[in-house]
Amino acid sequence: MRRRARPAPRSDAVRATPPAPPGWTRTVTAPPPDDCLAHNDWICGGYLTTRRQILLDAVAQHIQLTVLSVALGLAIAVPLALLARRWRWMLGPVLGITTVIYTVPSLAMFSLLLPVYGLSATLVVVGLALYSLTLLVRNLLAGLDGVPAETKEAARGMGYGPMRQLLAVELPLALPAAMAGLRIATVSAVALTTVGAIVGYGGLGNLIYAGMNSFFKAQVLTASVLCVLLAVVFDLLLLGVERLLTPWRRAGRTARPRARKAGGAGGRRPLTASGRRG
C-alpha cells in the first residue's frame, strides 16, 4: 500500500492556536506592573539584584585593563620624556609620533595589533597604553621644563649630581603637571576600555555591547553609569595621591591667606576718596 505523505509541520510563527475547550475562556497573563525586567525599563533594581555577579566581574575586568594599560603607558612615557629632554633633537619626533598614534581610531588600532597579540586582553592593554603616551609625555615635559632655573642652579651649588638633581629636585617639582596628565590619561582609558568589547575584553563595554544588540535598557544604562562612576573614582584617587606627594603645595596655599591677613593688619591703611589715609 502507498503511504500517505504527512503534511509538513507548521512553523511557530504560523502555527494555529488550539481552540479552548467548551466553556473555557482563554486569558493572557500580563507581567506584574512592578516587574521592571519584564517591562524592559531603563531603571531597574531587579537587574542589579539578579545580575550582581555579572556586574562585579565586568567591573573587575574593567579596572584591571585600565590599571595595566596606564601603568604600561607610564613606564614607556617616563623614559621617552627624559630622553627628549636630554637630547632636544628627539623632542619633535617623540611628540609627533605619540600625537599620530593618538589620532588613530580605536578600531583601526586594534586591527593593527591583532596579528601580533591575537584576541586577548594584551591587545586591549597595549592599545590603551599607546593612546596614553601623548598625554603622559607632554605633561611630563611641561612639568620638567617648568622647574625654575634658579632652583637647578641652587641644587648644583649644593653639590647635587645630574641624577640626584633629577630625582630629588626636578621630578618632585614636575609632579603636579605629570599627575594632571596621568589623571586625564586614566579617565580616557576608562572610556576607551569599553571599545575592547569588539575582541571580548571590554569590561563593562561587553555588557553595553550585548545590551545594545538585545535592546536591554537596564543593562545598557547600568553599565554606562558604572563606567562614569569608575572614571570619577579613579580621578579622585589620583587627586588624593597628588596631594599626598606634594605637601608643599598645601603649605603654600595656607601660608598665602595668613600672609595677606598679616599684611592687612600691620600694613599701611588704604587711601580714601579724599586722598587721606583711612
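The values are calculated or read from the model by the stated rules, or taken from the named source; none is laboratory data. What you see is a predicted model, and the numbers here were worked out from it, not measured in a lab. A quick note on method: Cβ atoms are made from the backbone with ideal geometry, for glycine too, and the neighbour counts reach across all protein chains shown. All accessible areas refer to the heavy atoms of the entire protein, side chains included, with ligands and DNA or RNA removed. Shrake-Rupley method; radii C 1.70, N 1.55, O 1.52, S 1.80 Å.
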Take the conditions in contact (Cβ under 8 Å) with a residue 24 or more places away in the chain, assigned to a loop (DSSP other than H, G, I, E, B), of a type in the set (Gly, Ala, Ser) and within 28 Å of residue 106 (Cβ to Cβ) and apply them to residue 181. Does it pass? no
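Taking residue 191, is it open to solvent by 60 Å² or more (accessible area, probe 1.4 Å), touching a helix residue (DSSP H, G or I) at 6+ places or on another chain (Cβ under 9 Å) and at pLDDT 85 or above?
Values: open to solvent by 60 Å² or more (accessible area, probe 1.4 Å): yes; touching a helix residue (DSSP H, G or I) at 6+ places or on another chain (Cβ under 9 Å): yes; at pLDDT 85 or above: yes.
Judged against the criteria, residue 191 is a match.
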Could you give me the residue pairs with C-beta distances under 6 Å whose first residue belongs to the range 217-237 and is part of a helix (DSSP H, G or I), whose second residue is charged (D, E, K, R) wherever it lies, and which are 6+ apart or on separate chains? 235/183
Working carefully through the options 14, 70, 100, 78, find the one that is among the β-branched types (Val, Ile, Thr), at pLDDT below 85 and open to solvent by less than 100 Å² (accessible area, probe 1.4 Å). 14
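Does residue 202 fit the bill of being open to solvent by less than 30 Å² (accessible area, probe 1.4 Å) and not in a helix (DSSP H, G or I)?
yes
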Can you tell me which residues in the range 123-148 are open to solvent by less than 40 Å² (accessible area, probe 1.4 Å) and assigned to a loop (DSSP other than H, G, I, E, B)? 147
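Has the range 41-55 got at least one residue that is among the hydroxyl-bearing types (Ser, Thr, Tyr), modelled with pLDDT of 90 or more and under 26 Å from the mean Cα position of the chain (by Cα)?
Here is the first cut: in the range 41-55, the ones among the hydroxyl-bearing types (Ser, Thr, Tyr) are 47, 49-50.
Applying the additional criterion that residues be modelled with pLDDT of 90 or more yields none.
Within the range 41-55, not a single residue is among the hydroxyl-bearing types (Ser, Thr, Tyr), modelled with pLDDT of 90 or more and under 26 Å from the mean Cα position of the chain (by Cα).
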Matching residues, the range 103-117, being open to solvent by 20 Å² or more (accessible area, probe 1.4 Å) and among the aliphatic types (A, V, I, L, M): 104, 107, 108, 112, 113, 114, 116
When residue 120 is run through (1) surrounded by fewer than 17 Cβ atoms within 10 Å (Cβ to Cβ); (2) over 19 Å from residue 246 (Cβ atoms); (3) free of Cβ contacts under 8 Å to residues at least 24 places away in the same chain, the failure sits at (3)
